[in-house]
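One structure is given below, encoded as structure tokens.
The values are calculated or read from the model by the stated rules, or taken from the named source; none is laboratory data. Computed from a prediction, not measured in an experiment: that's the story for all the values here. Quick reminder, even Gly has a Cβ in these numbers, built from the backbone with ideal geometry, and neighbours come from all protein chains shown. Surface areas here come from the heavy atoms of the whole protein model, side chains and all, with no ligands, DNA or RNA. Shrake-Rupley method; radii C 1.70, N 1.55, O 1.52, S 1.80 Å.
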Amino acid sequence: MARPEKIRLGDMLVQQDLITGEQLKLALDEQKRSGRKLGRVLVESGYVTEEGISTGLARQLGAEFVDLKTFRLQLDLIKLLPEAQARRHRAMVLKERDGILIVGMADPTDLTAFDELARIMKREIDLAVVTESQLLAAIDRVYSRAAEISGLAKELTADMGDVSIEFGNILGLTAGAEDAPVVKLLNTVFEEALKMRASDIHIEPQEKSLLIRFRIDGVLHVQTEADSKISTALVLRLKLMSGLDISEKRLPQDGRFNIQLRNTAIDIRISSMPTQHGESVVMRLLAQNTGLLQLEKLYMPPRILERFRNSISRPSGIVLVTGPTGSGKTTTLYAALNELNTPEKKIITVEDPVEYRLPGLNQVQVHEKIDLSFSRVLRTALRQDPDIILLGEMRDQETAEIGMRAAMTGHLVLSTLHTNDALSTPIRLLDMGVPRYMVALSIQMVLAQRLLRVTCQNCSAPYTPTPHEHLWLEAELGDGVDGVEYKKGQGCSHCANTGYQGRQAVYEILDMNNALVEAVNRGDPNEFMQIGREQMAGNTLRRDAVRLVVSGRTTIEEAMRISTQLDE
């Protein structure tokens, strides 16, 4: 297709019966009044969808419409157009055909932009049509700011070596703080972490460098390496932001602060720890406006969801959620509290730290330094006439016993415990020294969970298991192992070439029925484990992971990883 011709958007949409003449007239009036683009007015008025406008333009121009939700982007071609120009002209290089670059444009009627793109890339280009929202989302995904972060780190390194520049200016302690080198670097790191869906940022001083890593879907990825000289400035700035003692470098410190990024409020928990080469800092990022998950959106199997709901709807008893750090326990408990949170119920949470904020709850942050411990807060909470108590973690015998007494005296208690699976949880409490009768009478159920990475749906493709994987699957699926179409992500721009995008939990449930209660009271761990295995047969974490493999949601590799953890 040659250079596109100028067309009138409104007339084109009317001609294709996508809108009526009356709707066009109303939209034009609104356009004159507000100054917004006609296409945006039409979409926001509900007269036509963004996809409808784009497909209509493609038909009019004889061009291809590309759905970027499913299109597999090629990073080497995309980088032919700098990010600044891609955003300015709302364009992206999609593919190459017979030596001609196919460029997706959100506004194919912008002839000036078309000519400018051809000049920038010094190549013959052809036009494809994409929607603006999909295009901007794709630009956010594929244009990594690693080079910008490295550049800012080098700028900060140079400034720290310049004796004419005051350290206060470097740290942003004076007027114009937003222009301070360390402030610009940290803001860019935070923005990139948010864009890449990172849950944690690790700033780690090495002998000759400073390593900045992001944890994405549970896996650490190196973002950039910088000169170790800037480590002190970064740590000091972060300590100032979180109200920590900047003079204390020998002891670990914990704090938190809030920042605003892209109209999103981010709550950041910070932990500093002295290491051989300086202070290591880890920050956990929690977006405050993402909204709490509903139980239905946790992808629990129906049988698990029904049993979990039955347990949390009871007026008393303990419901425990177990798993290692970072397995989504708090998310599950807050999804439950979100459902239980009604004006008729008083809910108190005792946590360290408070990760989510939910209106209507009385949330207490534990502070050991001033003796505001779990046990002390929990004793006081019981005098506040609560209906439901969330105890962040049963860390020791005293806290566990107080929580169990609360459950035995008419309160519903939700809590977490670090155990390998559901079946070992009551045994763990007995090993902590909790009396057998308390464990037997207070626990209603135990929900164990793990997080698995989900296969990227944009690059998912059929996969043939290796002999080792086939043998492992055969032990779980028997003769049905060859009747499944297995999937694995190939890596694309949507998933940063990892083959995975997002995570999903797998679950198992242990109901404390009469047989298990009697086994606990008799103090026979072997009998308890045997009865529990019979109850949970076919409904274990491993089997739930295999279920996700069979449905194509995750890979055999991820399911085997969970299996290895459970066998440790």
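Would it be correct to say that Ile347 is at pLDDT 90 or above and not polar (S, T, N, Q)?
Yes, satisfied.
Mind counting the residues in the range 67-83 that are open to solvent by 70 Å² or more (accessible area, probe 1.4 Å) and closer than 18 Å to Phe114 by Cα?
Residues that pass the stated criteria total 2.
Out of Leu234, Leu244, Leu286, I need the residue that is in a loop (DSSP other than H, G, I, E, B), touching a strand residue (DSSP E or B) at 6+ places or on another chain (Cβ under 9 Å) and touching a residue at least 24 places away in the same chain (Cβ under 8 Å). Which one?
Step by step, each of Leu234, Leu244, Leu286 is checked, and only Leu244 is in a loop (DSSP other than H, G, I, E, B), touching a strand residue (DSSP E or B) at 6+ places or on another chain (Cβ under 9 Å) and touching a residue at least 24 places away in the same chain (Cβ under 8 Å).
Does at least one position in the range 80-91 carry a residue that is at pLDDT 90 or above and in contact with a Lys or Arg (Cβ under 7 Å, 6 or more places away or on another chain)?
Looking for residues that are at pLDDT 90 or above and in contact with a Lys or Arg (Cβ under 7 Å, 6 or more places away or on another chain), one finds none in the range 80-91, hence no.
What number of residues within the range 492-501 are out of contact with any helix residue (DSSP H, G or I) (no Cβ under 9 Å at 6 or more places or on another chain) and open to solvent by 10 Å² or more (accessible area, probe 1.4 Å)?
Total meeting the criteria: 1.
Pairs needed: first member in the range 182-210, closer than 13 Å to Leu261 by Cα; second member anywhere, surrounded by fewer than 17 Cβ atoms within 10 Å (Cβ to Cβ); C-beta distance under 7 Å; at least 6 residues apart or different chains.
Phe190/Ile259; Phe190/Leu261; Glu191/Leu261; Leu194/Leu261; Leu194/Arg262; Leu194/Thr264; Lys195/Asp140
For the range 514-562, give me every one of the helices (runs of 4 or more DSSP H) that falls completely inside it and has 2 or more residues that are open to solvent by 10 Å² or more (accessible area, probe 1.4 Å), more than 30 Å from Val481 (Cβ to Cβ) and in contact (Cβ under 8 Å) with a residue 24 or more places away in the chain.
514-522
Residues being aliphatic (A, V, I, L, M), open to solvent by 50 Å² or more (accessible area, probe 1.4 Å) and touching a helix residue (DSSP H, G or I) at 6+ places or on another chain (Cβ under 6 Å): count how many of those fall in the range 207-266.
So the count comes out to 1.
For the range 464-472, does any single residue satisfy the condition of being touching a helix residue (DSSP H, G or I) at 6+ places or on another chain (Cβ under 8 Å) and of a type in the set (S, T, N, Q)? Write out each step before concluding.
Just the residues of the range 464-472 that are touching a helix residue (DSSP H, G or I) at 6+ places or on another chain (Cβ under 8 Å), to begin with: 465, 469-470, 472.
Still in the list and also of a type in the set (S, T, N, Q): none.
The answer is no, given that none of the residues of the range 464-472 is touching a helix residue (DSSP H, G or I) at 6+ places or on another chain (Cβ under 8 Å) and of a type in the set (S, T, N, Q).
If the Cβ limit is 6 Å and pairs must be 6+ apart or interchain, which residue in the range 421-441 that is free of Cβ contacts under 8 Å to residues at least 40 places away in the same chain pairs with which residue that is among the acidic types (Asp, Glu)?
Val434/Glu401
Looking at Val446, Val413, which one is within 28 Å of Asp217 (Cα to Cα), buried (at least 17 other Cβ atoms within 10 Å of the Cβ), in contact (Cβ under 8 Å) with a residue 60 or more places away in the chain and not aromatic (Phe, Trp, Tyr)?
Numbers: Val413 fails: within 28 Å of Asp217 (Cα to Cα).
Going through Val446, Val413 in turn, just one is within 28 Å of Asp217 (Cα to Cα), buried (at least 17 other Cβ atoms within 10 Å of the Cβ), in contact (Cβ under 8 Å) with a residue 60 or more places away in the chain and not aromatic (Phe, Trp, Tyr): Val446.
Could you tell me whether Thr555 is under 22 Å from the mean Cα position of the chain (by Cα), modelled with pLDDT of 90 or more and more than 30 Å from Leu429 (Cα to Cα)? Walk me through how you get there before you give the answer.
Numbers: under 22 Å from the mean Cα position of the chain (by Cα): yes; modelled with pLDDT of 90 or more: yes; more than 30 Å from Leu429 (Cα to Cα): yes.
Here the answer is yes, as Thr555 does meet what is asked.
Could you say which residue among Ala106, Ala118 is open to solvent by less than 40 Å² (accessible area, probe 1.4 Å), hydrophobic (A, V, I, L, M, F, W, C), at pLDDT 85 or above and in contact with a helix residue (DSSP H, G or I) (Cβ under 6 Å, 6 or more places away or on another chain)?
Ala106
Mind checking which pairs have a first residue in the range 326-351 that is under 23 Å from Met283 (Cβ atoms) and in contact (Cβ under 8 Å) with a residue 24 or more places away in the chain and a second that is acidic (Asp, Glu) and crowded, with 21+ Cβ neighbours inside 10 Å, Cβ under 7 Å, 6 or more apart or different chains?
Close Cβ pairs (under 7 Å, with a partner that is acidic (Asp, Glu) and crowded, with 21+ Cβ neighbours inside 10 Å) do not exist here.
For the range 296-410, which fully contained helices (runs of 4 or more DSSP H) count at least 1 residues that are crowded, with 16+ Cβ neighbours inside 10 Å and under 30 Å from the mean Cα position of the chain (by Cα)? Full working, then the answer.
Working: elements: 302-312, 329-340, 374-382, 397-408.
Those helices (runs of 4 or more DSSP H) span 302-312, 329-340, 374-382.
Kindly list the number of the only condition in (1) among the aromatic types (Phe, Trp, Tyr); (2) touching a Cys at 6+ places or on another chain (Cβ under 9 Å); (3) under 29 Å from Arg309 (Cα atoms) that fails for Tyr500.
Only one criterion in (1) among the aromatic types (Phe, Trp, Tyr); (2) touching a Cys at 6+ places or on another chain (Cβ under 9 Å); (3) under 29 Å from Arg309 (Cα atoms) is unmet by Tyr500, namely (3).
Taking the condition modelled with pLDDT of 85 or more and either of a type in the set (A, V, I, L, M) or farther than 21 Å from Leu156 by Cα (or both), does Phe257 pass?
Yes.
Got a sec? Which of Thr131, Thr157 is hydroxyl-bearing (Ser, Thr, Tyr), at pLDDT 80 or above and touching a helix residue (DSSP H, G or I) at 6+ places or on another chain (Cβ under 6 Å)?
Values: Thr157 fails: at pLDDT 80 or above.
Being hydroxyl-bearing (Ser, Thr, Tyr), at pLDDT 80 or above and touching a helix residue (DSSP H, G or I) at 6+ places or on another chain (Cβ under 6 Å) holds for just one of Thr131, Thr157, which is Thr131.
Is at least one residue of the range 429-439 in contact with a Ser or Thr (Cβ under 7 Å, 6 or more places away or on another chain), at pLDDT 90 or above and either part of a helix (DSSP H, G or I) or within 30 Å of Leu68 (Cβ to Cβ) (or both)?
No, every residue in the range 429-439 fails to be in contact with a Ser or Thr (Cβ under 7 Å, 6 or more places away or on another chain), at pLDDT 90 or above and either part of a helix (DSSP H, G or I) or within 30 Å of Leu68 (Cβ to Cβ) (or both).
Being in a strand (DSSP E or B) and farther than 18 Å from Thr416 by Cβ is true for just one of Leu452, Leu477. Which residue is that?
Leu452
I need the helices (runs of 4 or more DSSP H) fully contained in the range 12-66, keeping only those with at least 1 residues that are touching a residue at least 12 places away in the same chain (Cβ under 8 Å) and open to solvent by 60 Å² or more (accessible area, probe 1.4 Å).
21-34, 50-61
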